[in-house]
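Since the structure comes first, as structure tokens, the remarks are kept for the end.
Nothing in this text is a laboratory measurement; each read-out follows from the coordinates by a stated rule. The structure presented is a predicted model; accordingly, all values stated were derived computationally and were not measured. A quick note on method: Cβ atoms are made from the backbone with ideal geometry, for glycine too, and the neighbour counts reach across all protein chains shown.
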Amino acid sequence: MRASDVIRAGKTDESVGAWSDDKLKAKEFPLSKKRGQAFPLSRRYRWQIICFKACGRSYRVLVAYHTLLPEFITVLAEDVMKDCKVLARWEFHGSHGGWHVHANCGDTDGLTKGVVKPAGVQRIPAKGSYHRHTKLLNDGHVMDDGVAHVIACGLVRIAHHVGIFDQDAVPWS
């Protein structure tokens, strides 16, 4: 199965967790081969977990944004026996050029579970190449829980309630 198949698929049994700025624990986004056995986030991040089923499998999405810096991440992972297999990571870093995704464009069944960057993952667009969207948000907007949720749900194609001001913040809408 490909990450794009999961993104395009109909989703069921969706559950949306509460936003938190506590340390992310292994039970919320387990990565068995990572130190601390959880996705690495500093305490300056606010985060939320969204779970769903698609194509007969279970998935989780980590949505996180930095409260002081222009940094954002959405991680799509498959739940595999109390561990996660990272399929795609959408990121924005204020320190370098624009929105990008780290993903495997082929079959994801062979990806290593429990790691942030499985072998075979590529950055799109490549580092140093042209980026269509170079701003975190449209001018006049600030990142908050609602905007982050709208961005992540849009990237993974999860049905969600869209606030007009939240959607207006997204640079590609």
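The table below lists the values:
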{"read-out": "Total charge dipole magnitude, the chain, about the Cα centre, Cβ charges on Lys, Arg, Asp, Glu only, Debye to nearest 20", "value": "720"}
{"read-out": "Viscosity 1.567 mPa s, 4 °C: Kirkwood-radius Stokes-Einstein D of segment 3-135 over Cα pairs, µm²/s", "value": "84"}
{"read-out": "Lysine pair count for the chain [Cα-Cα under 13 Å; pairs on different chains or 8 or more apart]", "value": "14"}
{"read-out": "Cβ crowding within 10 Å averaged over residues, with 41-48, 131-138 ranked highest first", "value": "41-48, 131-138"}
{"read-out": "Span from the segment 136-173 Cα centroid across to the segment 20-82 one, whole angstrom", "value": "18"}
{"read-out": "For peptides 79-90, 95-106, sequence by mean Cβ density within 10 Å, most packed first", "value": "79-90, 95-106"}
{"read-out": "Table column - 3J(HN,Hα) (Hz), segment 89-98, Karplus curve with 6.51, -1.76, 1.60, x for Gly and Pro", "value": "10, 8, 9, 9, 10, x, 7, 8, x, x"}
{"read-out": "Karplus-derived 3J(HN,Hα), 6.51/-1.76/1.60, for each residue of segment 38-49, Hz, glycine and proline x", "value": "9, 4, x, 9, 6, 6, 7, 9, 9, 9, 8, 10"}
{"read-out": "Cα lying deepest toward the dipole's positive end in segment 3-135, options T134, G17, L76, charges on Cβ", "value": "T134"}
{"read-out": "In sequence order, calculated HN-Hα J values of segment 7-19 (Karplus, 6.51, -1.76, 1.60; Hz; x Gly/Pro)", "value": "5, 6, 5, x, 10, 10, 6, 6, 9, 10, x, 6, 6"}
{"read-out": "Computed [θ] at 222 nm, deg cm²/dmol, the chain (DSSP H ≥ 4; -39,500 (n - 2.57); rounded to nearest 500)", "value": "-3500 deg cm²/dmol"}
